[in-house]
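The values are calculated or read from the model by the stated rules, or taken from the named source; none is laboratory data. Note that the coordinates shown come from a computational prediction; the quantities given were computed from them, not determined experimentally. Neighbour counts run over all protein chains shown; Cβ positions are idealised from the backbone, glycine included. All accessible areas refer to the heavy atoms of the entire protein, side chains included, with ligands and DNA or RNA removed. Shrake-Rupley method; radii C 1.70, N 1.55, O 1.52, S 1.80 Å.
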Amino acid sequence: MSAESMPEPAIPQPGAQEPGREGRGRRRRPRGAGRKALLATAWTAAGVLVLGGAGAGYLYLKLNGNLHSVDINQVLGKDRPGKTDNGSENILVLGSDTRAGSNKRLGGGTDDGSARSDTAMIVHVYQGHKKAAVVSIPRDTLVDRPACTDTKGTTHPAATGVMFNEAYSTGGAACAVKSVESLTGVRMDHYLEVDFAGFQRLVDDLGGVPVTTTRAIDDPQSHLRLQAGTHTLDGRQALGLVRTRHGVGDGSDLGRIQLQQAFVKALLGQVESVGVFSDPKKLYDLADTATKAVTTDSDLGSVNSLMDFADGLKGISTRHMTMVTMPVRYDPANPNRVLLEKPKAQLVWDALKHDRPIPGSATKGTATGEADGVVSG
């Protein structure tokens, strides 16, 4: 996928202080669970957004040099849903499963030169930034993909009845955003993406993440084997967990989504418990890893922009966050695919458009994956 790199500036040493940033750089406000609750929806970007307001002004130049961004707005042009003016925001979060480069040794596929969006979530931040909703989009959903243009200027024709994650493998970030906006009728204000290798390093930098499993998990395809009980997962095991689908629940992508949502909560709990924000060295290591791992839209393509964005999220608590899966049903012609429950899904999209809570009726009776409760933090 094409991406613009921020120019690499001089790298200050940890412990130095950026001139003119003393007040903001030294800020040490308490970090409640609320601020990190929204970030839990984006395991792909957790390490980046928690930087907001956490101090460490000396990091800015170095981390800016790490970040990569894509200009989604320029590529997609004006043929998009309109922006809302009520203060709410929508962020598309993707975890990509490219098998190229350092990701190749992490398994789960072949290095065929392509990449797919292994994880996809729409994060809706409500007006006032006191609550949020997260909608996971199953990668196996059969959709009609619109024609789109990638960041290299190549136009890709529309396709009917293809898997949702095929949009990313076809045209990268721009086509993924275009497909989500076509599917939902909701404009994506921001974009965040991370790769497998970066996610693994992020977990290792945290010293692992404790989880409890209520049953054994044995999935050769994701290289994960866990007995029932409590474990501290290292980066490779954590990656295996968020990619596991076989042998858990009904073996579907929907079950994997349930595991991902459970792990995300455990991940953010670990961020708080290891004292990241009171340990400048640990914060530096985590931030350095995370900013190398992510790709953002150009509006979030600097640490200052990410910080300002995160500053607007600190009022959100776990009690005011809803996490759901896009309403789907299993495809009777292929149990490995799912189909959109259009009337129920429209309830979700209407709620996001009008900044309202997602009604319980939108997901009642839809396919779930049957892996709820298998993993907890």
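Being among the polar types (S, T, N, Q), closer than 15 Å to G373 by Cβ and in contact with a helix residue (DSSP H, G or I) (Cβ under 8 Å, 6 or more places away or on another chain) is the filter here, so list the residues in segment 251-300 that pass it.
The one that is among the polar types (S, T, N, Q), closer than 15 Å to G373 by Cβ and in contact with a helix residue (DSSP H, G or I) (Cβ under 8 Å, 6 or more places away or on another chain): Q260.
Here's a check for you: in segment 316-354, which residue that is in contact with a strand residue (DSSP E or B) (Cβ under 8 Å, 6 or more places away or on another chain) and in a loop (DSSP other than H, G, I, E, B) is farthest from G255 (Cα to Cα)?
So, considering only residues that are in contact with a strand residue (DSSP E or B) (Cβ under 8 Å, 6 or more places away or on another chain) and in a loop (DSSP other than H, G, I, E, B), the one farthest from G255 (Cα to Cα) is I316.
Scan segment 364-377 and tell me whether some residue there is under 21 Å from V123 (Cα atoms) and among the hydroxyl-bearing types (S, T, Y).
yes
Residues of segment 105-128 being modelled with pLDDT of 85 or more and open to solvent by 20 Å² or more (accessible area, probe 1.4 Å), which ones?
Q127, G128, listed by residue number.
Quick one: how many residues across segment 159-189 are among the polar types (S, T, N, Q) and within 15 Å of V75 (Cβ to Cβ)?
3
Return the residues of segment 183-210 that are under 19 Å from V348 (Cα atoms) and out of contact with any strand residue (DSSP E or B) (no Cβ under 8 Å at 6 or more places or on another chain); say none if nothing qualifies.
Of everything in segment 183-210, just one residue is under 19 Å from V348 (Cα atoms) and out of contact with any strand residue (DSSP E or B) (no Cβ under 8 Å at 6 or more places or on another chain), namely G185.
Take G161 and decide whether it is surrounded by fewer than 19 Cβ atoms within 10 Å (Cβ to Cβ), at pLDDT 90 or above and either of a type in the set (S, T, Y) or not in a loop (DSSP other than H, G, I, E, B) (or both).
Numbers: surrounded by fewer than 19 Cβ atoms within 10 Å (Cβ to Cβ): yes; at pLDDT 90 or above: yes; either of a type in the set (S, T, Y) or not in a loop (DSSP other than H, G, I, E, B) (or both): yes.
For G161, the condition - surrounded by fewer than 19 Cβ atoms within 10 Å (Cβ to Cβ), at pLDDT 90 or above and either of a type in the set (S, T, Y) or not in a loop (DSSP other than H, G, I, E, B) (or both) - is met.
Being open to solvent by 10 Å² or more (accessible area, probe 1.4 Å) and outside any helix (DSSP H, G or I) is the filter here; which residues of segment 165-202 pass it?
Once the filter is applied, which keeps residues that are open to solvent by 10 Å² or more (accessible area, probe 1.4 Å) and outside any helix (DSSP H, G or I), segment 165-202 yields G185, R187, D189, H190, E193, D195.
Taking strands (runs of 3 or more DSSP E) that fall entirely within segment 203-299, which contain at least 2 residues that are open to solvent by less than 60 Å² (accessible area, probe 1.4 Å) and not hydrophobic (A, V, I, L, M, F, W, C)?
Those strands (runs of 3 or more DSSP E) span 209-213, 229-233, 294-297.
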